[in-house]
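Chemist: This is the structure I have questions about; it appears just below.
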Amino acid sequence: MRITKEPEERKQEIFDAALKLFGEKGYEKTTITDIAKEIGVAQGLCYRYFPSKEVLFDSAIDQYADLLAAQYKDLAEKTDISLKELIEKLPAGIDDKNTKYYAVFHGPHNKKFHNLLSLKTCEKLIPIVEKLLQKARERGEIYLQDLSTAAMFCVYGQLGILLEDGTDQREKADRIREFLIYALHL
């Protein structure tokens, strides 16, 4: 018996099955056929929503980056503390090991995917950081003129430390906090 689902529900079902299989088998070894079998649909239905495995994977990167950036957006919007205090309170990490994304992007053989995720997350964080810098400038905490460049530097400048192997997350976060406070003269 054929089960009809709303388009968004079906699309999410395909997406979730793909993430599960990418995490279990790896991206390279997962096919659209595998994804279709996982949810019991025809392969063509998967292609109807995602024209290729690459498009499906790009959607996963975009969705996960949205999720990660949203955590900072909430923090930025719900606070009236100074920029320095905000930087000092930033969490050492925001990845939840229990999400459907974690195994795909943080597995030992997925460094390439983690790096792509990092770049996409940075892209989504720029407007949030720029807004925080704007608030800080309005309160007289910083005196930067070019907030766009400052936001890009604050966000993308962290990647070298964040992607460094062999360093504890807490140590990375401490180094980043210390440098941002110094660089922004807070």
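The values are calculated or read from the model by the stated rules, or taken from the named source; none is laboratory data. Keep in mind that what you see is a predicted model, and the values were worked out from it rather than measured. When we count neighbours, we look across all protein chains shown, and the Cβ atoms used for this are built from the backbone with ideal geometry, even at glycine. Heads up: the accessible areas ignore ligands, DNA and RNA and are worked out on the full protein's heavy atoms, side chains in. Shrake-Rupley method; radii C 1.70, N 1.55, O 1.52, S 1.80 Å.
Chemist: Run the dipole for segment 30-88 about the Cα centre, Lys and Arg Cβ at +1, Asp and Glu Cβ at -1, nothing else charged, and hand back the magnitude in debye, nearest 20.
Modeler: In total the dipole reaches around 320 debye.
Chemist: Taking the chain as a Gaussian network, Cα atoms linked when under 10 Å apart, which of 143, 72, 156 shows the biggest mean-square fluctuation?
Modeler: 143
Chemist: Among 33, 65, 125, whose Cα projects farthest towards the positive end of the dipole of the chain, with charges put on the beta-carbon of Lys, Arg (+1) and Asp, Glu (-1)?
Modeler: Positive-end residue among those listed: 33.
Chemist: Mind giving me the nanometre distance, one decimal, between the label points for residue 168 and residue 137, set 7 Å out from Cα along Cα→Cβ?
Modeler: 3.8 nm
Chemist: Using 1/(1 + (r/R0)^6) with R0 = 25 angstrom and r between the beta carbons of residue 39 and residue 115, what's the FRET efficiency to the nearest 0.05?
Modeler: 0.30
Chemist: Want the number for residue 156 to residue 31: 0.36 nm per residue separation, take away the alpha-carbon distance, what's left?
Modeler: Gain on extension, residue 156 to residue 31, equals 41.7 nm.
Chemist: Which distance in Å, rounded to a whole number, links the C-alpha centroids of segment 30-78 and segment 167-183?
Modeler: First find each Cα centre; the distance between them is then 32 Å.
Chemist: About its Cα centre, how strong a charge dipole does the chain have in debye, to the nearest 20, once Lys and Arg get +1 and Asp and Glu get -1 at the Cβ?
Modeler: 400 debye
Chemist: Further, regarding this structure: Structure shown: which of 20/78; 89/120; 78/111 lie over 25 Å apart, alpha-carbon to alpha-carbon?
Modeler: Table pairs above 25 Å Cα-Cα are 20/78; 78/111.
Chemist: Per 0.36 nm of contour for each residue apart, how much would the distance between residue 9 and residue 145 grow if the chain were fully extended, relative to their Cα-Cα spacing?
Modeler: Answer, rounded to one decimal: 44.4 nm.
Chemist: Per DSSP helix of 4 or more residues, -39500 (n - 2.57); summed, then divided by the residues of the chain. What does that give at 222 nm, rounded to the nearest 500?
Modeler: Mean residue ellipticity, 222 nm, calculated: -21500 deg cm²/dmol.
Chemist: Could you report the accessible area of residue 112 in Å², rounded to 10, computed with a 1.4 Å probe on the protein chains as they sit in the structure?
Modeler: 140 Å²
Chemist: So for the pair residue 183, residue 52, with labels modelled 7 Å out along Cα→Cβ, what separation do we get in nm?
Modeler: Here the modelled spin labels are 3.5 nm apart.
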